[in-house]
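Only one structure is covered here, and it is reproduced in the block below.
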Amino acid sequence: MLVSTNVLQRKPPGRKPPAAVWLGENGALVALVVLAVALSLLSGDFLTVTNLLNVGVQAAVTAILAFGATFVIITGGIDLSVGSVAALSAIVLAWTATDAGLPWPLATVIALAVGLACGLVNAALIAYGKLPPFIATLAMLGIARGLALVISQGSPIAMPEAVSHLGDTIGDYLPVPVVVMLIMGLITAVILSRTYSGRAMYAIGGNEEAARLSGINVNRQKLITYALAGLFAAVAGIVLASRLASAQPQAAAGYELDAIAAVVIGGASLSGGKGRAFGTFVGALILAVLRNGLNLLSVSAFWQQVVIGVVIALAVLLDTLRRRGTN
Amino acid sequence: MLVSTNVLQRKPPGRKPPAAVWLGENGALVALVVLAVALSLLSGDFLTVTNLLNVGVQAAVTAILAFGATFVIITGGIDLSVGSVAALSAIVLAWTATDAGLPWPLATVIALAVGLACGLVNAALIAYGKLPPFIATLAMLGIARGLALVISQGSPIAMPEAVSHLGDTIGDYLPVPVVVMLIMGLITAVILSRTYSGRAMYAIGGNEEAARLSGINVNRQKLITYALAGLFAAVAGIVLASRLASAQPQAAAGYELDAIAAVVIGGASLSGGKGRAFGTFVGALILAVLRNGLNLLSVSAFWQQVVIGVVIALAVLLDTLRRRGTN
Amino acid sequence: GSGSSSGGSGAAAGDIKLGMSVSTLNNPYFVQLRKGAEDEAKKQGVALTVTDAQNDASQQVNQIQNFASQSMKAIIINPVDSDAAGPAVKAAERSKIPVIAVDRVVNGATVAQTVASDNVAGGKLAAQELAKQMGEKGKVAVLQGVPGTSAARDRGQGFTEGIKAYPDIQVVAQQPADFDRTKGLDVMTNLVQSNPGITGVFAENDEMALGAVKALGAKAGKEVKIVGFDGTPDGLTAIQAGTLNASIAQQPQLLGQQAVQGAIKAAKGEKIEATVAVPVKAVNKDNVAEFAGS
Amino acid sequence: MNDEILRVEGLRKEFPGVVALDGVDFTLRAGEVHVLLGENGAGKSTLIKMLSGAYHPDGGRILVDGAPVEIRTASDAQRLGIATIYQEFNLVPQLTVGENLALGRPPRRFGFVDTRRMHEQAGELLRRVGVDVDPRTPVARLGIARMQMVEIAKALGLNARVLIMDEPTAVLTTTEVERLFDIVRQLRDQGVAIVFITHHLEEIPQIGDRVTVLRDGSSVAEVPATTPEDELVRLMVGRPIDQQYPREPAAPGGTLLQVRGLRREGEFADVSFEVRAGEVVGLAGLVGAGRTEVARSIFGADAYDSGEVLVNGSPLARGDVHAAMEAGLGLVPEDRKGQGLVLGADVGENLGLVTLRRASRGGFVDRPGQRRAAAEVARQLGVRMSGLGQEVRTLSGGNQQKIVIGKWLLAKASVLILDEPTRGVDVGAKVEIYQLINSLTASGHAVLMISSDLPEILGMSDRVLVMARGRLVGELAAGEATQDSVMALAVTEVEDARVH
Ligand SMILES: Nc1ncnc2c1ncn2[C@@H]1O[C@H](COP(=O)(O)OP(=O)(O)OP(=O)(O)O)[C@@H](O)[C@H]1O
Ligand SMILES: Nc1ncnc2c1ncn2[C@@H]1O[C@H](COP(=O)(O)OP(=O)(O)OP(=O)(O)O)[C@@H](O)[C@H]1O
Ligand SMILES: [Mg+2]
Ligand SMILES: [Mg+2]
C-alpha cells in the first residue's frame, strides 16, 4: 500500500468522559434540571410525587404531538396541522362511537386512520404537489379544524367510557397518558435510530438531492414521515379527549407551536437533518414544568406569558452558550 | 492555447417575452386573479369599488406585518412575534398618550421605538446568542403579549384622537390604512432591491457562509433585518388600533401565521434567499379577498376554515404546477 | 401591577388559600370577573391565586391539578367548556377540595356551588331587546364567537330561539368574528356589502359589537340597531354614546365576588346553596347609568 | 527579503480531536506564485483560511509587510489586500452572477445599489477570465466549472495584493486552466503575490516559483518549483509512488450498459454508446460539453426527451434513480457538496447511505454491520478523520471526495459512472482509487469515467469517448488516445445540440 491509512491523529483522540458526551448532546436536559432545581427551591409543592406525575400528564399531549413533529422536522419540513388533526381524530372517535353507534375499538381504528389520512394528504401536497410544507400543513390546519367543527356541530361530544380510561391511572398512581407518552417516545426513538425510514429522514433533511441520488425514494419517505406525524397527532388527540372525557372541536388549538418548540428546544434544527426523540421529550417536559411551576408559584396570569418567553429563551441560550464553550 | 474560449458559448440567451417573465415570477398574482374572477361571478357584491377598498383595508394590517416578515424570511429566518409586537406597540402608544399624558407625536415615536426594540432583542438573541429564530421570536411572542396585558391591565385603551385618523379615509373614499400599506410596500421593495442591506439579506439567506466570507457583517445585517420587522409590526399595530380607535392587548393574536403565509404564498421560501415585496403584497391580498368573499357568500362558520385551507393550498398549487410546466 | 395573588392582610379568615382558573383573560369580561373575585378576596383577607387557561380545556385541567397539589382550600373554576371541566373537578374531588363553578356549569361532576348567569337566557333576552329596538321587524345579522366555544354556542342558541317569536324579523347572515373587535369590524363591513338592508345586529360579545359599531359608522345605533353581550366598560360607554343600543350585562364582577364568597364558606366547611343565580340584565340607554358606576 | 509581503510563523490550529496545523512557517513575496503542496488533510485549506479571516489561529502569528496583524473577519483580510478563492464555492446560488461578483461591496449611487453599473463591472470581469455568461444569470444555473470561473472573477475584482487560490484547477479542463494560468502570470508580473494550491503536480513547473510542502500539519520543506515530480511526491507522501496510473486491463465481457440515441432538448442529442463488463470507458470533453447531463440522465437523476438506456439488455425507466440502482447502476456526482454528501451527518452515515436499503431487514437497519463496512472502505481510501463519527463538513476537501466515492464502492454497482471522481484527491489517494477501479473491473464490473483531468482519462481508460457541444463526436481506443487526438475531437465543429 502506498498510502497511509486513517490513523493520523497526533493528538490522542481526546475523548471526553461519556457523561460529558451525553450531556453535550442533551443540552436541553441541563436546562430542565436547572429549571427543576430552581422550582423545588422556590416552591415546596413542586418536588412531590403527585406533582411530578401531574407534570408528566400535562406534558403527555404536547410530547406525543412533538414526537410526530420530530420526524417532520428532521426531514427539514414543518407540520402546523398536528393540533387540528388531533382534535379531528378525537371528534371522529367520539362521533362514530356515540352518534354512529360503532363499537369503540372500531371507532378508535377509524380515528387513527383519519389522522394517518390527514398526514398522507399533507405529504401528497408536499411531495407531489411541491407545496412548501408550511403552506400545505397550514391549509390542513384549517381543513381539519373545520371538519372537526362540522362533524361535531361545534359542540363537545362525550367520549366512550372505555376509551376514556386512557385518561385515568393504572392502579392508584400511574397515569395512563404518561405511559402512552413513554411508549410513543420509545417508538419514535426506535424508528429514528434503527429503521430504514428513520435514517432516510435524516438524509433527506441533511441534503435532499444527495439522498435522492443515493437511491432513497424521497417522495415515499416523505409520505411515511407525514403519515407518522398524523398518526401521532391522532393518538395525542385521543389521549387529550380521554383526559377530558369529552372530544372538543377546539381542542389542542395552537398546540402546533408548542410541539415545534419542544422539538427545537430538544436540539433539532428547522433546517433539517438533526433531532432526537429524547431531546424532544426533554423539550416537552421543559414546557410542562414551566407552566406547572408558574401555577405553583402563583405568578400572575399576565406575567406568565412574559416569564414563559424569558425562560424558553434562557433555556435554549444556556444550551447554545454551553455548546460554544466546548468548541 | 488550444481553443478560443468563445466557442464554448453557443446557447443563445433565449429570453422569454417580458410579460411571461413577469407572470412567471408572480405566480401568486395568477391565483389572485382567478380567485377574484371566481368571486365576482359568485357574488354581485364583490366587484364594487367600496368592497374592493374594504378588501384593501382588511388586507392592510396583515400586509404591513408581512412586509416586515419578508425581510426576515429572505434571510432564512422566521418571526413569530410580529402580532404580539404590533399589539404591544399600540398599547404603549395609547397608554403613554392617555394614562401617562404625553403628547401624541411623542407617544407615537415611543411606540415605534418599542417595536424596533423588540426586533433588536430578537436579533440579538439570534445573532449573538445563536438562538434559532423560531425560539427567539416565540419567546418574544409571549413576552410582548404579556407586557401588553400587563400595561393595559387586560383592558382596551382608547387611542388618542389624532392618531385614530390613521383609520379614517382621505377625502370620502381613500382609506388611510390602504395608503399606509402601499407606502410600506414601496419602502420594502426599495430596501430589498436597491439598498446594501436588502441585497445582503438575500445573500445571507442564500448562503450565510458565503456572505460572511465576502465581508458582509452578517450579525449587523440581522440586527437591521429583525429591527425592520419590529418597526413594521409597530406600524401595523398602530394602524390596527386606529381602525378601532382603541388599542387592544389581544389584538393581532395569531396574525404571525397569516403574515408568514402571505410571504410564502407570495413566492418566498422559508429556507431563505427568495422573496419580493410585490409577492408578499399579493399574498396578503389573497388572504383578505378570501375572507371577504366567504363573508359575502355567507359561508357557514364551520365550513369557512375548511374553505380557506383548501383555497390556500389550491392557490399555491396553481403556482407550483404552472412553474413546473414552464421548466 | 396586576398581581393576581392578593395577599390577605388580616389573618381573619385564617390561612385560607383559594385557587381560581379563569377560562381566558383575553376578554375584558373575564378580566372584570377576576377583578370582582380579587377585590372580594382582599376584602375578606384570603389569598387568591388566579390562573388563565387561555381558552384551552386541557390546560385548565392542568391548572386544577396544580391547585390540588398546592393544597388549596377551595377552587373556583370558570370552565372553558362545561363538559371538559368534569374530569378536572373530579380530580379535585378526589383530594376533597370543594369546587365552585362560576359563569358556566360543570357537567359530569358535582360542584359545591354554581354561580352563573345563563348564557342561553341571555341570548333570548338579547333577541327580545333587539326586536324591541327594531320595532319587531327588519333584517338581522349575527356576529358569532369562536366556533365551538360554549359561549358562542349558548348565546347563539338562545338568540335563535328568542328571535323566532318575531316573524317579521329575518336573520339574513350569521358569520364568525371570533369574539374579536377587529374581526367584528371586518366581517360587519363585508356583511354590509352583501346585505345592505340590515337594520339589526346581534354580536355574541361586546368586543364584536364595538367592531360592528365602527363598521357601521354614523348608522350605528340609529338606522342599524346593535345589541352586544357582556356589558363591558367599553360597551357601556358606547351605550351612553348611543352607538350601541343594548348589551346583555352579566355583571361579571358580581359573579367573581359571589364565587369567592361561596368558596370561603365552602373552605370553612359551611353549608352553601347549590346554585347562585346572578341575574342577566339588558342594559340600554335608559338604565345604563346604574351599571356604569359599578 | 524586502519584497516579502506575508510571513507566517509557527501557526497552530486545533479542532476538537484533531490538530490541523502544528507550527507552520511560510513566506510569500510580491510577484511570485507560491505553491502549497500536501496530502489531503495536510492542512493547506486550514492555513489559508487563517489568512482570509475565516478561522482564527490558536497559536503563532501572521505578519503583513513585517508587522504582526490580527485577521478576524473577511473584511480585515480585504483591507489588508488579501483575496481568497476557497476550495468549496462561496457563491449565493439565488443571486445573479453579477451580484455574486460584487457581494458585500456593490457599487452605490446616492446610497442605493447601482444595479446597472454592478452588472457592467461584472461583465468586464467575466470577459477578463474569459467566461461568456450573462451577468444577470442566477448562479444556480451554472455548472461547476463555470462557478469556479466566477469565483476566480470574484477574487480578481478585489484587486488584491495577495491572491490565494485553493485548488482552482480541480474542476477545470485544459482550456480553462490555460486561460487561468495566463491571468495568473499577468497578475504575477504586476507584482501580485499568489498562493496556489493544487494536486495536479504537472501544473507546478508551469505556473509556480516556489513550493512549500505541508505534511501532517507542519511545513516540511520549501523547494523551487522546478523540483522533479518524484521528489515532490516523496516530500509530500513520505515515500515514492512508482506508477501514477496503474491500469490493469481486464478481458472485456458482455455489454452491461447500452445508451441509444439519448436526447434532451437544448442539452444533448444523438448520444449512443455501450460499456462492456471489465471495461473502463473514459468520457472526455470541454467543460460544458454536456457529459454531466448525459451521466445524470442515464442514472435517472434527470429526465430526457427521447432515446433509451439498457442495462444488461433490459430498458430502464426514465428519471427513476431507484430503478437505475436496482438495475445495477451507480453515479458518483461531480458536485460533492450539493449532490454527494449529507454535510451535517457523520462519515459512517454518509458511507452507508447508498447501501442503507441493502443493510435493512424488515425495515430495521443493521447499523453495526454498516459501521464495519464503512470503516473498511475508509481504511482502504485512507480517509483522514478522527473517526467514523466525524461530521463530513469538517473533513478536508479531498477526504470528502473520498467519502463520495467510498459510498458507491460499497454499493458494488455493476456499472459505476464516475463524474470527476478524483477532484481534489491527492496523488497517493488517487492511486488507491485507481486500484479499486481495477479490482472492480477485474470482477466483471464496468466503469464509465468522466474527467476533466486528461492524463487521468488517458492513463486509466480502455476506450475514450469524446463529447463536444452535447454530441458524441468520436471514440478512440486506448492506443490512439493522446492529449492531442482527444483535444482535436473535443473542439470539432459540430452542430450544437444545445441550440434550440
Ligand atoms: N471545522 C473543522 N472541524 C474539525 N476538523 C477540521 C475542521 N476543518 C478542518 N479540519 C481538519 O483539519 C485537517 C486539515 O484540513 P484541511 O482542510 O486544511 O486539509 P487540506 O490540506 O486542505 O486537504 P485537501 O487537500 O483534502 O483539501 C483535516 O484533518 C480536517 O479534517
Ligand atoms: N458554453 C456554454 N454555453 C451554453 N451553455 C453552457 C455552456 N457551458 C455549459 N453550459 C450549460 O451549463 C450547464 C452545466 O455546465 P458544466 O460546466 O457543468 O458542464 P457539463 O454540462 O457538466 O459538461 P461537462 O461535464 O462535460 O463539463 C449545462 O446545462 C450546460 O448546458
Ligand atoms: Mg483543502
Ligand atoms: Mg461536468
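The values are calculated or read from the model by the stated rules, or taken from the named source; none is laboratory data. Since the structure is predicted, the reported quantities are computational estimates derived from the model, not experimental observations. Positions of Cβ are backbone-derived with ideal geometry, glycine not excepted, and every protein chain shown enters the neighbour counts. Surface accessibility is based on the protein's heavy atoms, side chains included, excluding ligands, DNA and RNA. Shrake-Rupley method; radii C 1.70, N 1.55, O 1.52, S 1.80 Å.
Things to note:
- Of the residues screened, D:Asp209 is one that is surrounded by 17 or more Cβ atoms within 10 Å (Cβ to Cβ) and more than 16 Å from ligand 3 (Cβ to nearest atom).
- If you go through region C:151-171 and keep only what is over 15 Å from C:Ile226 (Cβ atoms) and either open to solvent by 50 Å² or more (accessible area, probe 1.4 Å) or part of a strand (DSSP E or B) (or both), you end up with C:Arg153, C:Gln157, C:Thr160, C:Glu161, C:Lys164, C:Ala165, C:Pro167, C:Asp168, C:Gln170.
- Region D:402-442, residues that are outside any loop (DSSP other than H, G, I, E, B) and either within 16 Å of ligand 2 (Cβ to nearest atom) or β-branched (Val, Ile, Thr) (or both): D:Ile403, D:Val404, D:Ile405, D:Val415, D:Ile417, D:Leu418, D:Asp419, D:Val427, D:Val431, D:Ile433, D:Ile437, D:Thr441
- Residue within region A:50-72 that is open to solvent by less than 10 Å² (accessible area, probe 1.4 Å) and at pLDDT below 90 present: yes
- Residue list for region C:151-192, filter: within 8 Å of another protein chain (Cβ to nearest Cβ) and in contact (Cβ under 8 Å) with a residue 40 or more places away in the chain: C:Ala152, C:Val187, C:Leu191
- Residue match in region B:145-166 (condition: in a loop (DSSP other than H, G, I, E, B) and of a type in the set (Asp, Glu)): no
- Hits in region A:29-68 (condition: outside any helix (DSSP H, G or I) and not β-branched (Val, Ile, Thr)): A:Ser43, A:Gly44, A:Asp45, A:Phe46, A:Leu47
- Complete set of residues in region C:82-105 that are in contact with a Pro (Cβ under 6 Å, 6 or more places away or on another chain) and more than 16 Å from C:Gln257 (Cα to Cα): C:Asp83, C:Ala85
- Residue list for region B:169-195, restricted to those being modelled with pLDDT under 95, open to solvent by less than 70 Å² (accessible area, probe 1.4 Å) and in a helix (DSSP H, G or I): B:Ser193
- Set D:Glu151, D:Glu99: member being of a type in the set (D, E, K, R) and within 16 Å of ligand 3 (Cβ to nearest atom): D:Glu151
- The strands (runs of 3 or more DSSP E) falling completely within region D:1-84 that include 1 or more residues that are more than 16 Å from ligand 3 (Cβ to nearest atom) and more than 29 Å from D:Gln401 (Cα to Cα) map to D:4-15, D:18-29, D:59-64, D:67-69.
- Hits in region B:279-303 - residues which are open to solvent by less than 50 Å² (accessible area, probe 1.4 Å), within 7 Å of another protein chain (Cβ to nearest Cβ) and either hydrophobic (A, V, I, L, M, F, W, C) or touching a residue at least 12 places away in the same chain (Cβ under 8 Å) (or both): B:Asn292, B:Leu296, B:Ala301, B:Phe302
- Number of positions in region C:12-27 that are within 19 Å of B:Val150 (Cβ to Cβ) and open to solvent by 10 Å² or more (accessible area, probe 1.4 Å): 2
- Any chance C:Thr189 is part of a helix (DSSP H, G or I), open to solvent by less than 10 Å² (accessible area, probe 1.4 Å) and not charged (D, E, K, R): no
- Residue that is farthest from ligand 3 (Cβ to nearest atom), among those in region D:272-290 that are among the aliphatic types (A, V, I, L, M) and out of contact with any helix residue (DSSP H, G or I) (no Cβ under 6 Å at 6 or more places or on another chain): D:Ala277
- Residue list for region B:217-267, restricted to those being more than 14 Å from the chain's Cα centre (by Cα) and part of a loop (DSSP other than H, G, I, E, B): B:Asn217, B:Ala245, B:Gln248, B:Pro249, B:Gln250, B:Ala251, B:Ala253
- The conditions of being outside the structural domain of D:Phe26 (by TED's automatic domain parsing) and free of Cβ contacts under 8 Å to residues at least 60 places away in the same chain are met by D:Asp242.
- Looking across D:Gly313, D:Gly340, D:Gly330, one residue alone is in contact (Cβ under 8 Å) with a residue 40 or more places away in the chain, assigned by TED's automatic domain parsing to the domain that holds D:Ile450 and within 16 Å of ligand 1 (Cβ to nearest atom). It is D:Gly340.
- Restricting region D:169-195 to residues that are within 16 Å of ligand 3 (Cβ to nearest atom), in contact (Cβ under 8 Å) with a residue 60 or more places away in the chain and farther than 18 Å from D:Phe26 by Cα leaves a set whose member that is farthest from the other protein chains (Cβ to nearest Cβ) is D:Ala170.
- Residue list for region D:354-364, restricted to those being under 17 Å from D:Met325 (Cβ atoms) and over 32 Å from the mean Cα position of the chain (by Cα): D:Ser360
- Residue check, D:Ser452 within 30 Å of D:Leu47 (Cβ to Cβ), within 14 Å of chain B (Cβ to nearest Cβ) and out of contact with any His (no Cβ under 6 Å at 6 or more places or on another chain): yes
- Qualifying residue in region D:55-76 (condition: in contact (Cβ under 8 Å) with a residue 12 or more places away in the chain, in contact with a helix residue (DSSP H, G or I) (Cβ under 9 Å, 6 or more places away or on another chain) and near ligand 1 (Cβ under 10 Å from one of its atoms)): yes
- Matching entry among C:Lys225, C:Lys219 (being of a type in the set (D, E, K, R), open to solvent by less than 50 Å² (accessible area, probe 1.4 Å) and modelled with pLDDT of 90 or more): C:Lys225
- When the residues of region D:111-147 are filtered to those that are closer than 23 Å to D:Ser75 by Cα, more than 9 Å from chain B (Cβ to nearest Cβ) and open to solvent by 50 Å² or more (accessible area, probe 1.4 Å), the one that is nearest to ligand 2 (Cβ to nearest atom) is D:Gln121.
- Within region D:276-387, helices (runs of 4 or more DSSP H) holding 2 or more residues that are open to solvent by 50 Å² or more (accessible area, probe 1.4 Å) and touching a strand residue (DSSP E or B) at 6+ places or on another chain (Cβ under 6 Å): none
- Single unsatisfied condition, D:Ala324 versus (1) at the interface with another protein chain (Cβ under 9 Å from one of its Cβ atoms); (2) over 30 Å from D:Val464 (Cα atoms); (3) of a type outside the set (Phe, Trp, Tyr): (2)
- Residue list for region D:155-168, filter: away from ligand 3 (no atom under 16 Å from the Cβ) and crowded, with 24+ Cβ neighbours inside 10 Å: D:Leu163
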